[in-house]
Structures are given as structure tokens and as C-alpha cells.
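Peer 1: If you scroll down you'll find the structure; I have some questions about it.
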Amino acid sequence: MIEGASQKIRMLEQSPATKGQFSEFVENADWQEVTRSHQEKTEQDVLRALSKSKLDVDDFAALISPAAEPYLLEMVAKSEQLTLQRFGKTVSLFAPLYLSNTCANECTYCGFSMSNAIKRLTLNQTQLGKEIEAIKGKGFDHILLVTGETNKVSMPYFERMIPLIKPHFSQLSMEVQPLDANEYKQLQGIGLDGVLVYQETYRRKTYLEHHLRGNKSNFNYRLDAPDRIGQASIHKIGLGVLLGLEDWRTDSVMMAHHLRHLQKRYWRSRFSVAFPRIRPCEGGIVPKSVISDRQLVQLIAAWRLFDRDLEMSLSTRESPEFRHHAVRMGFTTMSAESKTQPGGYADDSLEALEQFEISDERPVAEIMEMIRQQGREVVWKDWDPALSYI
Ligand code: SF4
């Protein structure tokens, strides 16, 4: 216990808040004050936010507050309309490709935590080839590489694997351990288009309660990863919090501040947000703050009203019913038929390796049909990196 606590203190000392980066903002922010910024909102605040075309973070706080609940239908209609105006009737599909489930971290909410007695697998080149073939066979052209966090699955591994994967997909993003800016730049040079780093929670105290061991307990290093991704001029930066670890409203307001901070500095990048809710997993935990389906709809609509250019992503963590109703609301990308275990597309007998249970297990063809029934078109490739700097 003492050893764990002193390790955390050492880690925090290693990564102090960095001037001009988001850790400096968080260090100076008062969590209780941010909480009051949504708790104390009134109907007038909500109406003011709804009447504006350019919203600030305070307007966003009003739209996710309890005072906005009676305006949910209006918010959803506006969100749908703004999404249609900006993105047309398209929804882009992507697949997560789990390269490895080995991990040297201990996160209370994750089935890959190092102390969980599950089989570990890091794909070799042959296994990777089979996964690529299986994923391409389903039609995907956008891929999200996912790994646990360990020294064995770090830069040398990424530098070997990305050149093998990139020729098969037009867009390649990754959700792996945070890296240094020069490492992101190196990976961009071999085909990386986007990086997702979910902060899980912006409250340091809660963060340390859920990240017990390993590099991930370095709060500031993770917090400043999106700044480093921006400095490396990566095309797309993805943010997210794990809804349920903390007060979902306060975490969302902090993430809205984070988005605005990044947009001011890294105008060449585009941004995405996702809305993962805690799912059952090996060694799972009870959420501290449960977000209902209705509240999640309110949150999604508020994000679209806050930023009409934002990419918004809906994963298979959510149920088929929820995804069916949510698809028109503001989403630009969805995952489909996801496997959260390395090797799972080519070999579906590998369930014991999975990170969390998928809620929507429908095959891609059914998801496409559902999207069409909702009046939307599936796109497999929505942009070409070669055109992104024109
Ligand atoms: S959330 Fe990531 S870092 Fe934490 S245990 Fe799971 S895979 Fe490892």
C-alpha cells in the first residue's frame, strides 16, 4: 500500500503540470466550482444557450444541467439538424483492431488489468495478417488500433506493425498508451492519421483511485497527451471520459474546456469525442455516477450544439435499441461487429481474452440496414489523408 502510494507520488513528481498545456488549466481549476457551474444553471441559462449559434463552455454546462431536461426534444431536433447541415446523411463505420491485451497497468474498470488472470496475446505478423483479412472481408476501411499499455507493445512494435496495416485501410487511428510528441510525429510519418486518448476522468483524486499501478497512474502525462498529439500535427485527436467514474456532468464540462483549449492551439487538427459508459468486465466496478439513457441523449445533443464540426462516435458498448434511436441524433461514426479481444475477428473462439462485453453484437450487414432505415447512408471512406492539407 505504502509502496503503491509512494510510486504514485513519484509519478506525479515526474510529470508536473506543464505551462500552456491542459494540465496547467486542471491544476488551477476547482472541481467544486466546475460542479456548481452546471448545478446552478436555471431555465434562463438554458434558453440563452439554445438561442445562440456559437456556444461557450458555460452554455454547454447549461445544456447538460437538470434545468435543460424539459428541453430534451428541442435539443435532439436541433442536434439532428446541425449534423445534417454539416455532415449530410452519412455515417462512417469503423472497426477496432485489438493488437494486444497485455498490460502493465491496474485500472479498476478494465478486464485487461495486469492482475486479472486472463490469457494474454500480442498479435504477431501472421496473426495480424489474418485479422486484417477478416476485417477487410467485412468491408471496413477505417481502423482503430487498440492495445494494453506495456513496454513490450510500444514504439518498436508500432513501427513494425503500422506499415503492414496501413496499405489495407484509408484511415488508421490508434488508442494506445500516451506517447511523446516526437513519437507521434514518427508514427504519422508511417501512416498514422488519428489518436484517441481518453482521460477517463479529469478529477485527479478519482483518477488515482482507479489507476492503481503502472504508467497510467501518471495523471498529467495522460492529460497533456492531446497537446502533444496536436504539436505533432496529427490529423485527428479524440477525447473521452469514462462516464460513471465521476460526476458525468462535471467531467463533461472539463472535457468541453479541454476541447476549446486544443482547438485554440491546434487548428489544423480535427476533433472527435466518444461517450463510453462503464461496462461489465473482469473485476468490474459499480459506477459512482450512473448516467441514464435519457441523460446520455441529453449529453450527446449538448455536444453537437456546442460544436457543429465535432466528430462524434458511438460504440458497440451501447445496446442495439439505444444505437437504433441515437444514430440520427448527431453521430458521424459508429463501430460495428466489434471484437475486443486480439485475434477475435479471425477466430471467434477467443472470447476469454476480451476487454469488456459488447452490447450490440449484430453483424455489419444488420447495422448497415439499421442505418439505412434511419435515413442515413453508410460510408466506408469519408476522407483521404492526401487531401487533408488542401
Ligand atoms: S484501461 Fe488500458 S491501461 Fe488500463 S488495464 Fe485496461 S488496457 Fe491496461
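Peer 1: Just to confirm a number: summing +1 for Lys and Arg and -1 for Asp and Glu over residues other than Arg308 whose beta-carbon lies under 15 angstrom from that of Arg308, what do you get?
Peer 2: Every neighbour counted, the sum reads +1.
Peer 1: With +1 on the Cβ of every Lys and Arg and -1 on the Cβ of every Asp and Glu, and nothing else charged, how large is the dipole of the chain about its Cα centre, in debye rounded to the nearest 20?
Peer 2: In debye, rounded to 20, the chain gives about 680.
Peer 1: OK, next. For the chain, with a Gaussian network of springs between Cα atoms less than 10 Å apart, report the residue from Pro156, Pro342, Pro276 with the top mean-square fluctuation.
Peer 2: Between Pro156, Pro342, Pro276, it is Pro156 that shows the largest mean-square fluctuation.
Peer 1: Please list, ordered by chain and number, the residues whose modelled amide H lies under 5 Å from the amide H of Phe271; skip anything fewer than 5 residues away on the same chain.
Peer 2: Residues meeting the criterion, in which the H sits 1.01 Å from N, are Ile237, Glu311.
Peer 1: Right, next: Please state the relative contact order of the chain as a whole percent: Cα pairs under 8 Å, 6+ residues apart?
Peer 2: Once divided by the residue count of the chain, the mean separation gives 24 percent.
Peer 1: Under a 10 Å cutoff between Cα atoms, tell me which one of Ala365, Ala256, Ala49 has the largest fluctuation in the Gaussian network model of the chain.
Peer 2: Maximum fluctuation in the GNM of the chain, among the listed residues, is at Ala365.
Peer 1: Here's a follow-up. Within region 21-173, what whole-number % of the accessible surface is contributed by carbon and sulfur, with the 1.4 Å probe and all protein chains included in the calculation?
Peer 2: Reported share for carbon and sulfur atoms: 52 percent.
Peer 1: Could you do me a favour and compute the accessible area per residue for the chain, 1.4 Å probe, result in Å²?
Peer 2: On a per-residue basis, the chain sits at 42 Å².
Peer 1: OK, next. Taking a ≥ b ≥ c as the square roots of the eigenvalues of the Cα gyration tensor of the chain, is the shape rounded (a/c under 1.5), prolate (a/b larger than b/c) or oblate?
Peer 2: Rounded is the answer for the chain, as its axis ratio a/c remains below 1.5.
Peer 1: May I ask which of Lys236/Lys381; Lys89/Lys381; Lys166/Lys381; Lys136/Lys166; Lys130/Lys381; Lys19/Lys54 have a Cα-Cα span longer than 19 Å here?
Peer 2: Lys130/Lys381; Lys19/Lys54
Peer 1: Could you list which residues have their amide H under 5 Å from that of Gly344, counting only those 5 or more apart in sequence or on another chain, with H placed in the peptide plane?
Peer 2: HN-HN under 5 Å from Gly344: empty list.
Peer 1: For a label point 7 angstrom out from the Cα of Asp58 toward its Cβ, which stretches of region 24-51 have the backbone nitrogen within less than 16 Å?
Peer 2: 33-51
The values are calculated or read from the model by the stated rules, or taken from the named source; none is laboratory data. What you see is a predicted model; the values in this text were computed from it and never measured. Heads up, the Cβs are rebuilt from the backbone with ideal geometry, glycines too, and the neighbour counts pull from every protein chain shown. Accessible surface is based on the protein model in full, side chains and every heavy atom, while ligands, DNA and RNA are left aside. Shrake-Rupley method; radii C 1.70, N 1.55, O 1.52, S 1.80 Å.
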